[in-house]
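Notes for the one structure printed next.
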Amino acid sequence: EDDTPPPSPGAPVPPSGVPLDYNYLDVKTVAGFSDVTPFDGVVKDGDRSKLPKGAKLNACGVRLANNKLTSLAGLDEFLEQVLDDPGELRWLDVSGNKLTKVESLLLSYPKLSCIYFHGNQVKRSDEFETLGELPELRKFTAFGNPCEQSDKNYRYTVAASLPLVRSLDFTGITRKDREDIHLWDKRRGGKR
């Protein structure tokens, strides 16, 4: 599986360092990352000599995967603390946590082009609809949430909610897929 964040189709990604890596720390709240040094990456006001030559920003991606998060409350404060420009956040990995819903605070980061949300505790596929408002979102994962098993139309439901996404669960969405999803959504009286 490719962990490299995809380039945002609407705006060039500024030269930056690698994503900040806070994976596998058993942290329960986003605020709990504040006192932790990431496994990889350079935090805001950190040693910039470790950044690639020409980097304008310390990072445009953050990995918070495989922790014990039940909410993303405090994400905005945390990103202000660790990123040179949180408005340039392009890639967020919150997979493998205990998240049960998609929080609208993610809409505060309109340049997000990739979100990994797999392996959490989301029970309803339509919970991901909120993210359909992100204008740059092209890559999204949600497999391994309870909704994948409970919703027989899981892939169509999620893809219909995210009309700009080109890759869902590491599988491309073709033009033909989009046509089929549109017809399915129309038959069920969907919004898109």
* Full-extension gain in nm, THR29 to LYS101, via 0.36 nm per residue minus C-alpha separation -> 24.4 nm
* Structure fact -> Computed over the range 63-186, the relative contact order (Cα-Cα under 8 Å, seq sep at least six) in percent reads 20 percent
* **Spin-label model distance (nm) - SER150 vs ARG178, 7 Å beyond Cα toward Cβ** => 3.1 nm
* To the nearest 500 deg cm²/dmol, what mean residue ellipticity at 222 nm is calculated for the chain from DSSP H runs of n ≥ 4 alone, each contributing -39,500 (n - 2.57), summed and divided by the residues? -> -5000 deg cm²/dmol
* Asked: Summing +1 for each Lys or Arg and -1 for each Asp or Glu, what net charge is found among the other residues whose Cβ lies under 9 Å from the Cβ of SER150?
  -> +1
* **As computed over the range 1-133, the Cα convex hull volume per residue (Å³)** => 106 Å³
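Bear in mind that the values in this text are calculations on the coordinates, not laboratory data. Just so you know, these numbers come straight off a predicted model, no measurement behind them. Here the Cβ is made from the backbone with ideal geometry for all residues, glycine too, and neighbour counts use every protein chain on show.
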